[in-house]
Each structure stands twice: as C-alpha cells, then as structure tokens.
1. Lysines within cross-link reach of B:Lys62: Cα-Cα under 27 Å, excluding same-chain residues under 8 positions apart?
2. Just to confirm a number: summing +1 for Lys and Arg and -1 for Asp and Glu over residues other than A:Phe200 whose beta-carbon lies under 13 angstrom from that of A:Phe200, what do you get?
3. Using Cα centres only, tell me the gap between the stretch A:179-213 and the stretch B:188-258 in whole Å.
4. Given 0.36 nm per residue, what is the gain on full extension from B:Asp273 to B:Ile148 after removing their alpha carbon distance, in nm?
5. Which whole DSSP H helices in chain A pass both tests: a Cα extent of 30 Å or more along the axis and a mean Kyte-Doolittle value no lower than -0.5?
6. When chain A is modelled as a GNM with alpha-carbon springs shorter than 10 Å, which of A:Trp75, A:Trp37, A:Trp184 fluctuates the most?
7. Mind checking which of A:Thr69, A:Thr257, A:Thr130 has the largest fluctuation in a GNM of chain A, springs on alpha carbons under 10 Å?
8. List the relative contact order of the stretch B:8-286 as a percent without decimals, with contacts defined as Cα pairs under 8 Å and 6+ residues apart.
Amino acid sequence: MQQPGAVRWPQGKRGCMALAFDLDGPTGDAMLNGSLWSTPEYFTFGAYGPYRALGRLLDLLRAFHLPATFFVPAWVVEQWPQQCQAIIEQGHEVAYHGYRHESFWAISPDEQRAVMAKSAEVFLQHLGITACGFRTPSGDWHAETPQILRDAGVIYSSSMRGDDRPYSIPVAGHTPLVEIPGKWEMDDYASLAYTRQPDFPKGGDRIASYAHTRDNWQREFDGAMDEGLCLTTLFHPKISGQPGRLLLLEQLFAHMTARDDVWFARCDAVAQWYLQEQQHD
Amino acid sequence: MTEPSRWPLGFQSAAILTIDFNDIHGILTQAPAVAGRDKTLSVWRYGTLRGVDRLLALLAEKQLKASWCMPAIVAEQQPELVQRIVTGGHEIACSGDSHEDFSLLTLEQQIASVTRGCDKLAQITGRKITGFRTPAGQWKPGLAQALIARGIQWSSSWRGDDLPYFHPGTRLVELPMHYTLEDEPYFAFNLSPAIPPGQSRIAPYGETLANMTQDFHGFHRFGLCYLLRLHPEIIGTAGRIGLLRALLDMLQQHNVWIATAEQAAAHWQTQPDNDVCHPAEVFTRITGGAHGELA
C-alpha cells in the first residue's frame with residue numbers, strides 16, 4: 001500500500017472522486033427467497049430504479065459532465081436492456097454486481113463462478129461489453145472470491161471498507177486485484193432509504209434530513225479531496241434518484257464540481273491508473 | 001430537464017391530498033399488541049376526536065378538496081364526523097370493510113371486504129365510491145379486475161412510479177404512493193408497545209417540512225404527480241398542522257393542479273396504456289400473468 005503523500009493522481013489533481021451507483025432494481029433478498037413474487041408493492045418500489053429514476057440521473061450526470069460507474073445485477077440488464085444501454089451510450093461504465101444480487105458470502109465458490117459467467121454472458125448479449133469491475137452485493141465475500149474474480153477477467157473490486165485509497169489484493173497466478181474501498185457514510189441507504197414489509201431500517205428509523213445528508217456528503221468529499229484521497233459512493237437510483245433527492249444530488253454535484261483540483265473518474269479508470277502507478281514504483 | 005406537460009389546463013404538475021382516516025383500526029391491524037390498551041389507543045383516537053376537524057378547517061381555509069380513505073367500520077362508528085367530511089365537498093374512498101390485513105385474506109375474502117366496504121360507505125355517505133386504498137398487506141392476483149367490476153376507478157396502493165399508471169390488463173388507474181410523502185414514517189410514535197419497533201426519535205418538524213418541500217420541487221420540475229398521504233392523528237395536531245399549512249401555501253404558489261384522486265384518475269384515462277417496461281407490466285409478465293387475466 002502506498003504511504004500518505006505518495007499518491008499521484010492524473011492531470012496533477014489533488015484528489016480522486018469515483019462516483020458509483022448500484023442499480024439493483026428489484027433484485028436482492030426478496031427475489032432470492034421468492035417472497036418478492038407476492039409483494040408487487042415492493043417489486044415496483046425496486047423496479048422504479050432502472051425504469052424511472054435512471055434516466056433522470058443520467059441527464060443530471062450529463063449536465064455536470066460527470067463520469068460514473070454503475071454496478072448492475074445482470075438480471076436488471078435482462079429486464080431493462082434499453083435503459084441500461086443508455087448508461088453505456090452516455091459514456092459511463094457498467095460493472096458486475098451479481099445476477100440477482102446474490103451475497104457472495106452466502107454462496108459457494110462454484111455458484112460464484114456461475115454468477116460471474118452468467119453476468120458476463122448477459123452483458124455481452126445485451127450491452128455488447130466485457131466488464132472489468134465488480135462490487136460484491138450485500139458486502140462480504142469468501143477468501144476464494146478474489147481468485148474467482150481475476151479468473152473471470154475482473155481487474156478491480158469496489159466491495160470493501162476500511163481505507164481511503166485503492167489498494168492491492170494479491171491473487172495467485174494473476175496480477176493483483178485492485179480494491180477501491182467504499183464507506184457506509186457515502187451509502188444513501190444509511191440516511192435516506194425507507195421501506196415497509198420488508199422493513200428498512202429494521203427498527204423503522206426516520207428518513208434523514210436531505211439538507212443534513214447533503215452536508216455530511218459534502219464534508220466527506222471535501223475531507224477526502226483535501227487529503228488527496230479517493231472517494232467512491234454507494235448510491236442507488238431507486239433511493240437517491242427520487243425527485244426530491246435528485247435535487248439533493250444536483251446540489252451535491254454543484255458543490256463537487258466547484259473544485260478544480262479533483263480527478264473525476266470511472267472506477268475502471270481509477271483501477272487502470274493504480275495498476276500503472278504500481279508498475280512504476 | 002422538464003418533461004412535456006401531461007396535465008390539463010397547462011398545469012406543470014399534479015398534487016393529490018389523500019388522508020387515511022382509520023381511527024384505531026389501522027393501528028390494530030399494523031400492531032395487534034395495542035388491542036385493549038387505552039392509553040396507546042387514545043394516540044390514534046385523537047384523529048377522530050380532534051384531528052379530522054382541524055384538517056377540515058385547514059382545507060376549507062385553503063379551499064382545497066382531499067380524498068379521504070377509510071374502512072367502512074369508521075364511517076359506521078363515526079357517521080356524523082364522516083358526514084362533515086362529505087359536506088366539506090371531499091371525496092370518500094374505501095379501505096375495506098374493517099381494515100383487514102389483505103395479506104391474510106384469499107382473493108374471495110379481499111373482494112368481499114371491498115364489496116361490503118363500498119356498499120356501506122355508499123349507504124352512509126350517499127355517494128358512489130370509486131376509489132380504493134389497500135388497508136394493509138398485498139393484493140391477491142385478480143383483485144384489479146374485481147375492483148373494476150365493482151365500479152372502482154382508481155387505487156392508491158402500490159408504488160414504483162412518480163406518475164399514475166394502469167394495473168396491467170385493466171384501465172384501473174394506480175396513483176402510486178411514496179414513503180417520503182407520508183407523515184407516518186416521520187412522526188408516528190408510541191413508547192410501548194414500541195412504534196416504530198426501534199423507538200426511533202420523532203423526526204424534526206422543520207427538517208421534515210424542508211424534505212417534503214424539496215420533494216415537491218423535484219416532482220414539479222419533472223411534471224410528476226405529488227401524492228401526499230396524511231393521517232388525522234399525526235398531521236392534525238396543533239403543533240403539526242402548521243407544517244401542512246406551510247406546504248399547501250407553497251404548493252398554491254406554483255402552477256400545480258391540486259386535484260382529488262377521482263379527478264386525477266379520470267384525467268389519466270386520456271393517457272395510453274403502460275410502457276411494456278413499466279414495473280407493473282414486468283411484474284405481471286414474470287409472475288406468469290398471475291396478477292393479470294392469465295391466472
């Protein structure tokens with residue numbers, strides 16, 4: 001791992017902002033356990049992400065000339081191929097996020113390989129792309145997962161927590177897997193998500209103030225950029241692409257782009273740059 | 001980023017005020033442990049005792065009509081109060097017969113609840129009932145067709161969009177709800193039994209008003225349908241009614257069509273069927289038409 005102060009971001013920039021969205025749609029636990037098929041209200045709540053929120057979000061990113069990475073369960077691509085193609089057409093990255101948002105902690109290595117193979121097939125068929133990035137659905141993974149990812153052609157993951165810059169995860173027989181760690185502080189679920197049946201948050205806690213949420217995110221951004229770090233987000237179109245929250249993102253993006261010392265990059269560009277820098281060291 | 005206007009008379013967006021008047025029957029369904037606990041139940045009875053009249057006064061002051069959703073049992077127990085709502089020119093919609101949890105009912109039982117509820121409400125109010133909101137729980141496949149057959153023209157029970165849509169295979173209009181536009185997620189509270197289950201702090205009023213105001217600005221900018229879901233016992237208090245007054249003042253300063261659910265649904269009949277990628281259509285396709293006519 002590089003020491004503080006050793007990071008050289010491209011274009012002489014001080015910090016790196018890698019905006020990322022998890023386009024989960026209605027995938028996840030309720031789909032995996034089958035309960036989703038008797039809860040149309042919850043299905044439509046999730047499907048709102050790719051169907052209604054995504055287009056507005058892409059318009060907003062274009063207005064600010066901001067690149068982004070979308071981690072998309074392949075099942076979502078199968079159901080909404082046109083909507084997902086627009087992500088690619090607008091210059092953003094689509095990366096792996098399971099087939100139906102399987103937790104890689106909960107499935108066997110063989111099942112993980114099958115999910116990666118199925119996802120690659122769907123991405124190629126519907127989007128004409130071969131993805132190189134991965135964010136593990138619902139967090140944790142197995143010790144074997146980095147090997148499985150590198151075998152599947154993945155060069156970076158944005159799954160972990162616990163650091164402020166990209167770092168290397170050694171993988172036998174391969175170049176290392178690059179990890180671009182996220183933070184709960186930059187996950188919109190932590191402040192804005194709210195559903196009933198299934199309940200989120202479990203205790204029924206309140207939706208946070210939009211203004212305070214924006215203030216938190218802006219402080220995280222400024223702190224990371226001031227220290228020359230790399231910040232990514234775990235935003236979900238179905239949560240922060242709702243009309244009032246889209247205005248929150250608009251204010252946040254205005255704050256971010258007011259700085260001229262930030263390298264705004266897709267996660268794949270961050271990973272490629274990191275690998276290149278490692279070679280030079 | 002404004003989408004083309006889709007509302008009548010050149011309005012940029014639409015807003016609908018829906019009020020769930022359930023007395024104690026809503027919380028009895030949601031948290032059965034409250035049964036027989038008079039202190040707790042008095043929190044919800046407050047709507048009947050004070051909240052409804054305070055809401056009616058504000059709506060009269062603002063010259064606005066709301067759509068009041070209630071189970072028939074509330075109208076049976078509070079006929080005079082319900083008559084005041086009707087006299088105020090508001091719409092009455094049905095939330096079943098006795099606020100049943102629909103997830104626990106068969107399709108036949110769901111249909112029976114709606115039928116009894118609508119018949120009783122029509123008799124008490126002297127009005128035809130054309131709207132429905134699920135009291136609690138989920139629809140069984142086939143309910144949309146049954147609602148249409150009983151003269152229901154709109155539902156406000158599902159989510160998944162910022163615009164009205166049609167229940168697949170029918171022209172039953174869905175006016176989708178949003179948690180962010182409901183008073184309950186922000187303010188509902190009881191110490192014991194705990195509501196919400198985590199005994200979450202009551203949200204700050206000013207910040208909640210700011211959220212709902214920003215939500216409106218988003219809905220209005222994109223020409224969408226801003227549907228509030230309010231409760232007399234929650235928003236109809238002396239301390240909170242001012243939030244609603246401020247919100248309605250703000251709405252009335254914009255080019256927004258403030259309509260009843262019935263008016264909005266009637267207008268939406270001018271619109272085409274759902275896009276094939278619409279969440280409701282995808283759900284129906286995947287469940288093998290179980291929520292459509294193929295079941």
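Any read-out appearing in this document is the output of simple, stated calculations on the displayed coordinates, not a laboratory observation. This structure is a prediction, so every number in the text was calculated from the model and none was measured. When we count neighbours, we look across all protein chains shown, and the Cβ atoms used for this are built from the backbone with ideal geometry, even at glycine.
1. The qualifying lysines are B:Lys128.
2. Surrounding charge for A:Phe200 is -2.
3. When both Cα centres are located, 19 Å separates them.
4. 43.4 nm
5. Helices passing the filter in chain A: none found.
6. Comparing A:Trp75, A:Trp37, A:Trp184 in the GNM, the peak value goes to A:Trp37.
7. A:Thr257
8. 28 percent
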